[in-house]
Structures are given as structure tokens and as C-alpha cells.
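The values are calculated or read from the model by the stated rules, or taken from the named source; none is laboratory data. The structure displayed is predicted, hence computed values, not measured ones. Backbone-built Cβ (ideal geometry, glycine too); neighbour counts: all protein chains shown.
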Amino acid sequence: MLQRLRSSLCRVPAGASPFRPPVPATRSSSPGLAGFAVRHALPRARSFVMACLPPATAALARQDCSNGCSVPFAGDSGPQVAETFRAKDLIITPATVLKEKPDPDTLVFGASFTDHMLTVEWSLASGWEKPHIKPFENLSIHPAASVLHYAVELFEGLKAFRGVDNKIRLFRPELNMNRMCRSALRATLPVFDKEELLECIRQLIQIDQEWVPYSTSASLYIRPTFIGTEPSLGVKKPSRALLFVVLSPVGPYFSSGTFKPVSLWANPKYVRAWKGGTGDCKMGGNYGASLLAQCEAMENGCQQVLWLYGKDDQITEVGTMNLFLYWINEDGEEELATPPLDGIILPGVTRQSILELAQQWGEFKVCERYLTMDDLTTALEGNRVKEMFGSGTACVVCPVSDILYKGQMLHIPTMENGPKLASRILGMLADIQHFGVRGGRIRSSWPSDMLQKNLRLAWAT
């Protein structure tokens, strides 16, 4: 009986049909979508065994409702509190005044927001309240709220894409939910049922579906945020919290819509994360503390920071992105390498997807390993570096052209080499996100069709 009750918490509930507000008639065809050819093929696979990958990566990929994010069973004793919120309990208040939707070709990242938002409140006394979808509005928060003083908060970032078939898809959302739950545990914020949040997000997107751009160069950015709201100056685990989700239509990361390589400032003066810290969690404090280094990078003529760590100047991340190096390694092997998930690296969804795609190709070695600036400079001297690029939800793939290190500008021949690999990865991921397919005929199980009644999680099967 207990097991059945626990299992029921890990399923998206079947219930009332989702709210369907009146929306303007949708276009039967989407300008700019026709003629966008699918360029690559990828065989299907259930799991991926990477010889070079440490156990941590495989564990992250296998996480499900049995992990630390699961909703515990309260039992029959003690005060009755809601251990999670339920999508079937959604209270929906449609906006009476709808905003004008921006032109997809003029979108600035994070500057426009849709008509509605999702909010769910939690308290130690009552547990989770019913979720609300309501008109987008400012938050009302106590001046002593713990988020304002001690940065008790976290956030996530993922995107919804409108495909050529007019279906709206979300790319591997369960990975974002897993990471959000891990961050919540680190921030002492309450646990919740991940699939219930995904279903609430699905219904929010359904209401604001006309905000998902009719374009393959734009998307709808989804920002779940979780904050401590206890009105107290005490440094402690908060007794009140607020989870909210806002949506923002965004254009391409680069204004030109094409690859634009960046230069990096590598200086051990600043450290993004450290062992035992929160570098592997998506918390605002990690980003706010990076701004001074970013300003210095720009003062030194560079666009981003190459974050170093340790006495041997280990290469960790690029700005707010994970890092990849495509090179000929010390053993003469063609290799795609990225730093391992050792606690100071954020486990990026795009990062994991790139590793899995490259491993399936089977054309070169794919490895999580430590990389130092000495490794890089030695490889550059030996003409063994092919490409370097960052990866993330915002840009997908960002090429690197130069690194300023110890007063010397090191040139990375990424663009001279195509960049063949970075372009291939970008094309493959774009096909999956906008077409829901791998290569035109092979359907990918990574994207989720967001407007189906039941949300299908996006993991390779």
C-alpha cells in the first residue's frame, strides 16, 4: 500500500481537460519555416556507455522519481500538510488585456514577457498551496524576505520551440526538473513533484501558446524560479517560499543569427566555483558574483571569462556556459573533451546532449577529463587544437577564437576549421528542437510535444 501511494506521487495525474482560453486563429503556415532542410541522421539508443565518463554523469542521466527530489510519504500521523502541489488543482485567471506580441526578428533576450505566469506558494505550516496561472504581474514581497538578504533562491532555464508541423516542443525538460530539485535541496527549499510542475508549465504554455514564435530562429524561454520568502532577518532555513514561472519570447543568441566567435579572458584572480560550494547548482548567487570578472574581461578587450580553478589553472567553464575542446590529445587520439562533473561544473542539459550525440557517432573519443592551461598551450604549440566552444540553453553552441592568458593572446583555430564539429552539433540540435526528428525520418524522443494532454518526458528510448 505504501509503495502504491509513493508511486502515485511520481505520475502526472489524469484529470480535467486543460484550460483552453480563446486565442486568435493560428496561421496555417509559418513564414520562414518552409524549406528548412533536415540535415543529419542519428540512430536511436536507450542508453549510452562512455568509456571515459565517470559514474556521476550516468547517475545524472538515470535520475527519476526515486531521487532526492521525490515527494516523501507523510504517513497518517502528525499534521496534514500538502507534500506537493497538483496540476489538477490549478486555479486559472485569464488576463483581460493581452499585450501586443513582438516581431520575432527584433526580439532581445529576456526583454519581453507573455500575458500569464505561474505561481505556487509554500509554508512550513500548510505545505504547498494550489498552483495559480494568472496575469503577469509584479511580485509583492516582504522587505525582510530571505531571498533578498541571503540569496535563498534558484532558477532554471529551458525553451519551447514551434516546429514546422506547428507543434510546440520542449527539449528534455526532465533534466531541468532533476537539476532544479537538486538545487532546491542545496538551498534548503522544499521538495515537490517534478512531473506536477512540468504539467503546470505545459498548461501555462498552452494558454500563452501564441507567444511561441512562428520561426526556427526564435523560441519561448521558460524561467522557473524558486525563492525563500520568510519575513525574517534570521539566517536559517526558510519557513515560507514561492515558486513561479515566467515566459519570454527570445531570438537567436547572436544578433546576426549566425556563429560569432568570442574571445576569453583567463585569469585565476577570480574563481566561479570551488569544491564543496554551489557551482553545480543553478543559483543566482553564482551568476551575480561573476559580474565583476565579466566587467574586467571586457575592460581587457575580451567578451567572456574563461574560469580557471586550482594551482594548475584547470579550465572549467566559459562565462555561463559549459566548455568543450576538440583536439588531438597527448596520445595522438582525436578527442572531444569537457571537464568532469566534480562539484564545480554545472551539469548542463546541452552539455549532456552533446556528449551523448558525439558518443553515438563513434567517430572520435568522447571524454570527461581535467584540462589545464598548460595542456591547452602545449597543444596549441603542437597544432593539435581543432575547435573550442561553449554550450548552453541560450546560445546552444558558442565558438571560441582567442584567449588572453598571462598577457599573451592565444589564438584558437575554431573558425579556420569550419567549425565543422560545432556547426554539426548546432545543426543536429536545431533539427531535433524544431522538427522533433533526428534526420527527417527518425523521430527523436528528446523533445516533448507540449500541447498533448499528457506530457511525455523527453528521454531517449
Hits in region 260-289 - residues which are more than 20 Å from the chain's Cα centre (by Cα) and among the aliphatic types (A, V, I, L, M): VAL262, LEU264, ALA266, VAL271
Out of VAL245, VAL250, sole residue that is out of contact with any helix residue (DSSP H, G or I) (no Cβ under 9 Å at 6 or more places or on another chain) and β-branched (Val, Ile, Thr): VAL250
Could you give every pair whose Cβ atoms fall below 9 Å, whose first residue belongs to region 184-203 and is more than 22 Å from GLY285 (Cβ to Cβ), and whose second residue is among the hydroxyl-bearing types (Ser, Thr, Tyr) and assigned to a helix (DSSP H, G or I), counting only separations of at least 6 or pairs across chains? none
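Looking at this structure, is ARG169 in a strand (DSSP E or B) and surrounded by fewer than 18 Cβ atoms within 10 Å (Cβ to Cβ)?
Details: in a strand (DSSP E or B): yes; surrounded by fewer than 18 Cβ atoms within 10 Å (Cβ to Cβ): no.
When the stated conditions are applied, ARG169 does not pass them.
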Looking only at region 305-339, which residues are touching a helix residue (DSSP H, G or I) at 6+ places or on another chain (Cβ under 6 Å) and within 19 Å of ILE425 (Cβ to Cβ)? ASN322, TYR326, TRP327, LEU336
Those residues of region 142-166 which are assigned to a loop (DSSP other than H, G, I, E, B) and over 30 Å from GLU210 (Cα atoms) amount to HIS142, PRO143, ALA144, ALA151, VAL152
Got a number for residues in region 87-128 being of a type in the set (Ser, Thr, Tyr), in contact (Cβ under 8 Å) with a residue 60 or more places away in the chain and within 20 Å of ALA241 (Cα to Cα)? 2
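Is region 360-368 home to any residue that is of a type in the set (Phe, Trp, Tyr) and under 27 Å from TRP274 (Cα atoms)?
Checked against the condition, which is being of a type in the set (Phe, Trp, Tyr) and under 27 Å from TRP274 (Cα atoms), region 360-368 yields no hits at all.
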From the set of residues in region 422-461 that are assigned to a strand (DSSP E or B) and touching a strand residue (DSSP E or B) at 6+ places or on another chain (Cβ under 8 Å), which is modelled with the highest pLDDT? PRO447
Give me a count of the residues in region 343-396 that are among the small types (Gly, Ala, Ser), free of Cβ contacts under 8 Å to residues at least 60 places away in the same chain and crowded, with 21+ Cβ neighbours inside 10 Å. 1
Within region 360-421, considering only strands (runs of 3 or more DSSP E) that don't extend past its boundaries, which have at least 2 residues that are in contact with a Pro (Cβ under 6 Å, 6 or more places away or on another chain)? 385-392, 396-405
The one condition in (1) under 26 Å from the mean Cα position of the chain (by Cα); (2) farther than 15 Å from GLU317 by Cβ that ILE354 fails to fulfil: (2)
Does ILE227 qualify as being surrounded by 24 or more Cβ atoms within 10 Å (Cβ to Cβ) and at pLDDT 95 or above? yes
If we keep only residues of region 235-257 that are of a type in the set (Gly, Ala, Ser) and under 16 Å from ALA187 (Cβ atoms), then the residue surrounded by the fewest Cβ atoms within 10 Å (Cβ to Cβ) is SER239
Quick check on region 129-150. Is at least one of its residues touching a helix residue (DSSP H, G or I) at 6+ places or on another chain (Cβ under 8 Å), surrounded by fewer than 18 Cβ atoms within 10 Å (Cβ to Cβ) and either free of Cβ contacts under 8 Å to residues at least 40 places away in the same chain or not polar (S, T, N, Q) (or both)? yes
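Determine whether THR188 is over 14 Å from PRO249 (Cα atoms), part of a loop (DSSP other than H, G, I, E, B), at pLDDT 95 or above and of a type in the set (S, T, N, Q).
Values: over 14 Å from PRO249 (Cα atoms): yes; part of a loop (DSSP other than H, G, I, E, B): yes; at pLDDT 95 or above: yes; of a type in the set (S, T, N, Q): yes.
Taking the combined requirement at face value, the residue satisfies it.
Return yes or no: is SER215 in contact (Cβ under 8 Å) with a residue 40 or more places away in the chain, among the small types (Gly, Ala, Ser) and buried (at least 20 other Cβ atoms within 10 Å of the Cβ)? Explain how you work it out, then say what you get.
Working: in contact (Cβ under 8 Å) with a residue 40 or more places away in the chain: yes; among the small types (Gly, Ala, Ser): yes; buried (at least 20 other Cβ atoms within 10 Å of the Cβ): yes.
Yes, satisfied.
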Among the residues listed as ASN300, ASN286, ASN267, the single one being among the polar types (S, T, N, Q) and under 25 Å from LYS194 (Cα atoms): ASN286
Going residue by residue through region 327-342, is there one that turns out to be buried (at least 22 other Cβ atoms within 10 Å of the Cβ), assigned to a helix (DSSP H, G or I) and over 21 Å from the mean Cα position of the chain (by Cα)? no
